[in-house]
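The values are calculated or read from the model by the stated rules, or taken from the named source; none is laboratory data. Quick caveat, the model's predicted, so the values are computed rather than measured. Cβ placement follows ideal geometry from the backbone for every residue including glycine, while neighbour counts extend to all protein chains displayed. Areas reflect the complete protein model, heavy atoms only, side chains present, ligands, DNA and RNA absent. Shrake-Rupley method; radii C 1.70, N 1.55, O 1.52, S 1.80 Å.
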Amino acid sequence: MVKGARSLRRKAYYTIKMKQASHLLFYRRHKIPGVKGWELRRALGSDYPKVISLLDDYLEKLDLKVKVISEEGVPEGEMPPERRDRDRFYRTLRGGLTPKEAKLLGWRIDDLAALAVAVSYIISKGGKAPRKEVEELLRVKIPGWKVDVNLDRFIRYGYIGEDENAQLYIDWRTRAEVDQKELIDLLLGAETEPMKPPPER
Amino acid sequence: MPPKKRSIAEEELQRIIELCRSIEERGLNPFLVDVDELVTILREYFPDLDKPEELCLDAEALNSIASVIRLQGEWVRRRSSSLYRDPFLIEEKIRSLSRERLAEVFLKVWRPIIEFEQITIPSLRQALKYWGTLPPLDERWLRGGLFIREPGTTTEEDLIKQRILAEKAFSEELNSLWVELKRRTRGGKIRYWDFIGAETYQETIRRAYLTSFLLTYGYATLEVNPLEGEMTIRPLDEPTPVGEREQAISMPIPITPEEWMRWLREREA
């Protein structure tokens, strides 16, 4: 009987903590979304990694997940929980989007392709590439006037950054939202479509 | 060192700096540079270098080589990582795939962040509570010590006291400072800090500000000893525009409270 009551109390405790964690993760509190580990520790207590893990399990049913991005670039899952205070916790989709869904989010297929090109080219160059080179590559398939608009938009959103030497680099949003290794693997494995013959006159 | 050899040495050092810089700026393969060869060149010329500017050039070249070695380290680390793929292959793939296919690939690895930016009922309640307790603007202004005054008259002395008007015209101030500089140097020169330094930090700043105009307008010249880092001012007999004397350079001089305190202590010692 006592054991059952204790278990119920624990369940109620973690339910409350999960709700608090959910509020913290859903609403933007800073310029950059997400919450730092130390903020979660302050709000939820020292066992916040367990609360986050429970929340992550719960969110799986909704195709969502809590993603942890290490400031030191350590891959997710390899960082010991006691050193997570400086990491940033985001809530992201667990599965992928269909082109139709992406369109509903306000992304045109051209813009997504441009983002894919910019990000993968920068990755291939070791994380930094001159803006001019990225622009030239984009201009092959996108009208010139749109290239600048697109790049500025990606910079504003935090997908890529630009330094004082006009070098583009991978920024916080790409690190949080894109599996860079998988992107390159998929890109190299993607089958090129056969060239279409010119339309008959 | 004979002048001809000196000029060759300078050219070689400059070439090394340019080469290393181009590797860094254009993101080229850093192993294109033969570091051993560059170090041999530096070693060959170093014993004959004696002028400060030559030694500076040598140090800059050495620093550039060190940057290339750092890039080589990064290059090896990147190539050995699991993320490395040949950039040429990736570029080719990007060029050959259609926009639709590129977008499809990206959608497979893209997990957008989910966030809300909307107001909640509790925060709305809190905001309304704050609004209810917020006094009207005219009351708050009164509380802050603002009050209405009728227009009146003021004197020139009052405006000078309030530092709205300067006591002397700017050109007059410059002129008197120039006269003071000539008087204190008597045909020679004076240490920069000994000239601008005053009993208060505020006055020191004012003198430094005016002195910068003396230098810019050609009333005096600033000489810097690059080895000791000491700066001296030498007044000119007639104001001479900078372009007529020699090439002008901008030189920022920090006048911090710490520097001023140090000068005060040195003066009293």
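Conditions (1) open to solvent by 70 Å² or more (accessible area, probe 1.4 Å); (2) without any contact (Cβ under 8 Å) to a residue 24 or more places away in the chain; (3) within 15 Å of B:Glu18 (Cα to Cα), marked per residue:
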site	(1), (2), (3)
B:Leu32	yes, yes, yes
B:Val35	no, no, yes
B:Glu44	yes, yes, no
B:Pro47	yes, yes, no
B:Ser67	no, no, yes
B:Arg85	no, yes, no
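Scanning segment A:55-67 for residues that are assigned to a helix (DSSP H, G or I) and not aromatic (Phe, Trp, Tyr) yields A:Leu55, A:Asp56, A:Asp57, A:Leu59, A:Glu60. A single entry from B:Leu19, B:Leu28, B:Leu55 fulfils the requirement of being at pLDDT below 90, hydrophobic (A, V, I, L, M, F, W, C) and not in a helix (DSSP H, G or I): B:Leu28. So, A:Leu59, is that one within 11 Å of chain B (Cβ to nearest Cβ), in contact (Cβ under 8 Å) with a residue 12 or more places away in the chain and within 14 Å of the chain's Cα centre (by Cα) or not? Judged against the criteria, A:Leu59 is not a match. Can B:Arg101 be described as open to solvent by 80 Å² or more (accessible area, probe 1.4 Å), among the charged types (D, E, K, R) and not assigned by TED's automatic domain parsing to the domain that holds B:Asn225? The answer is no for B:Arg101. Determine if segment A:38-54 includes at least one residue that is modelled with pLDDT of 85 or more, hydrophobic (A, V, I, L, M, F, W, C) and in a loop (DSSP other than H, G, I, E, B). No, every residue in segment A:38-54 fails to be modelled with pLDDT of 85 or more, hydrophobic (A, V, I, L, M, F, W, C) and in a loop (DSSP other than H, G, I, E, B). Flag not set for B:Arg43, criterion: in a helix (DSSP H, G or I), out of contact with any strand residue (DSSP E or B) (no Cβ under 7 Å at 6 or more places or on another chain) and not assigned by TED's automatic domain parsing to the domain that holds B:Ile23. Every listed requirement among (1) under 25 Å from B:Lys51 (Cβ atoms); (2) open to solvent by less than 70 Å² (accessible area, probe 1.4 Å) is met by B:Ile249 save one, (2). Against the test of being closer than 30 Å to A:Leu59 by Cα, modelled with pLDDT under 90, more than 7 Å from chain B (Cβ to nearest Cβ) and open to solvent by less than 30 Å² (accessible area, probe 1.4 Å), the options A:Gly158, A:Gly106, A:Gly127, A:Gly95 yield a single qualifying residue, A:Gly95. Condition (residue is assigned to a strand (DSSP E or B) and either farther than 30 Å from B:Lys51 by Cβ or at pLDDT 85 or above (or both)) applied to segment B:171-179: is it met by at least one residue? Checked segment B:171-179: no residue is assigned to a strand (DSSP E or B) and either farther than 30 Å from B:Lys51 by Cβ or at pLDDT 85 or above (or both). May I ask you to list pairs of residues, at least six apart or on different chains, whose Cβ atoms are under 8 Å apart, with the first in segment A:37-56 being on the phi > 0 side of the Ramachandran plot and the second being open to solvent by 10 Å² or more (accessible area, probe 1.4 Å)? Once the first residue is on the phi > 0 side of the Ramachandran plot and sits in segment A:37-56, its partners that are open to solvent by 10 Å² or more (accessible area, probe 1.4 Å) give A:Gly45/A:Lys17. Considering A:Leu168, A:Leu151, A:Leu183, A:Leu187, the condition of being in the same structural domain as A:Lys125 (by TED's automatic domain parsing), buried (at least 18 other Cβ atoms within 10 Å of the Cβ) and not in a helix (DSSP H, G or I) is satisfied by A:Leu168 alone.
Contact map, segment A:174-187: first residue over 15 Å from A:Gly127 (Cα atoms), second residue assigned to a helix (DSSP H, G or I), Cβ cut-off under 7 Å, separation 6 or more or different chains; pairs are A:Glu182/B:Val109; A:Leu186/B:Val105; A:Leu186/B:Lys108; A:Leu186/B:Val109; A:Leu187/A:Ser120; A:Leu187/B:Ile90; A:Leu187/B:Lys93; A:Leu187/B:Val105. Taking (1) closer than 18 Å to A:Ala129 by Cα; (2) open to solvent by 60 Å² or more (accessible area, probe 1.4 Å); (3) not hydrophobic (A, V, I, L, M, F, W, C) in turn, B:Glu11 satisfies each apart from (1). For A:Glu135, the conditions (1) within 8 Å of chain B (Cβ to nearest Cβ); (2) modelled with pLDDT of 90 or more all hold with the exception of (1). Checked against (1) among the charged types (D, E, K, R); (2) surrounded by fewer than 16 Cβ atoms within 10 Å (Cβ to Cβ); (3) at pLDDT below 80, A:Arg9 meets all criteria but (3).
The single condition from (1) more than 8 Å from chain B (Cβ to nearest Cβ); (2) at pLDDT 85 or above; (3) within 27 Å of A:Asp63 (Cα to Cα) that A:Glu177 fails is (1). Per the listing A:Ser70, A:Ser46, the residue uniquely hydroxyl-bearing (Ser, Thr, Tyr), exposed (fewer than 13 other Cβ atoms within 10 Å of the Cβ) and more than 13 Å from chain B (Cβ to nearest Cβ) is A:Ser46.
Residue check: B:Arg6 meets all listed conditions (1) surrounded by 13 or more Cβ atoms within 10 Å (Cβ to Cβ); (2) within 14 Å of chain A (Cβ to nearest Cβ); (3) touching a residue at least 24 places away in the same chain (Cβ under 8 Å) but one, namely (2). Quickly run through segment B:88-124 and pick out the residues that are small (Gly, Ala, Ser) and at the interface with chain A (Cβ under 7 Å from one of its Cβ atoms). Result: B:Ser96, B:Ser98, B:Ala103.
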